[in-house]
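Single-structure report; data block below.
The values are calculated or read from the model by the stated rules, or taken from the named source; none is laboratory data. Every value quoted in this text rests on a predicted model; they were computed, and no experiment measured them. Note that each Cβ is placed from the backbone with ideal geometry, even for glycine, and that neighbours are counted across all protein chains shown. When the accessible area is computed, the model is the full protein with side chains, heavy atoms only, and any ligands, DNA or RNA have been set aside. Shrake-Rupley method; radii C 1.70, N 1.55, O 1.52, S 1.80 Å.
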Amino acid sequence: QNVKRQRKLLQNDDEIFRSTALDSNDFIALVNVPQKNISLRLGTWFLNGESVPEDQRTVLLDKLINDFAARYVNFENRSEFYKMFHLETILQKIKSSKDEKYIFSKNFLLPDGSTVIKQFTYTWLDKEKNLILVYRTDLTQSIKEEQQLNERLRKAVELAEKANEAKSHFISRISHDIRTPIGAVLNLTDFAKEDVNDTEKLLADLEK
């Protein structure tokens, strides 16, 4: 009974992990370095608009890159694309990284004309067996929201600067406008002090 319960818990955990992984990533796959192939473990690859069948989910890495480039990458940008995804580049980048990860983002133009931003992460899953874990994350929405937030912040700063400029202008104008009458009031106050013993002059000063 305990064994069955444990298996049920493990199954639930596995479902939770899979669901969480799919919420965060488009797909998760393994690259077999000696065999130079890649196996989809979670998520969906699309070729010609259709999901890849289960029996075709392990393919040569070069074939997947070529198919992906033909679908999503402009011809003039393909040489750069091939270099970024080439197995030798991946191995070199992982080796030179402190945390043994190769992470980069790239924009892709979809057939409908829209652009998506994808982040690719490569890291060792099992170094002894030469297995590399790769997963792709869609950054399109988060970057769009960040851009919108930055735009709102930019507008808020712009409004604050305009308000501060208006305040400074107001203070400068008011200061200039009241300087003359305040000077007159101060002068007449001084006159009143001098004329304090002369009632007629004192009243004239106060009247003015």
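General remarks:
- Taking Cα atoms only, the orientation of helix 61-72 departs from the longest principal axis of the chain by about 50 degrees.
- In degrees, nearest ten, helix 140-194 long axis to first principal axis of the chain (Cα): 10 degrees
- The modelled label-to-label distance for the pair residue 162/residue 60, using points 7 Å beyond Cα in the direction of Cβ, is 6.1 nm.
- Residue 155/residue 176 FRET efficiency (R0 25 Å; Cβ-Cβ; nearest 0.05): 0.20
- Computed from point charges on the beta carbon alone (+1 for Lys and Arg, -1 for Asp and Glu), the dipole magnitude for the range 84-161 about its Cα centre is near 220 Debye.
- All-pairs Cα distance distribution in the chain, expressed in whole percent, bin size 10 Å: 7, 20, 20, 12, 8, 6, 5, 5, 7, 6, 3, 0
- Principal-axis tilt of helix 2-24 within the chain, Cα atoms, nearest 10 degrees: 60 degrees
- Excluding ligands, DNA and RNA, the accessible surface per residue across the chain is 74 Å² with a 1.4 Å probe.
- Coordinate range of the alpha-carbon atoms in the range 138-193 per principal axis, descending: 80, 15, 6 Å.
- Inter-site label distance for residue 140 and residue 107 at 7 Å from Cα along Cβ, in nm: 1.4 nm
- Relative to its Kirkwood radius, the Cα radius of gyration of the range 98-157 gives an Rg/Rh of 1.18.
- Cα-Cα over 21 Å, subset of 63/101; 93/127; 63/83; 36/127: 63/101
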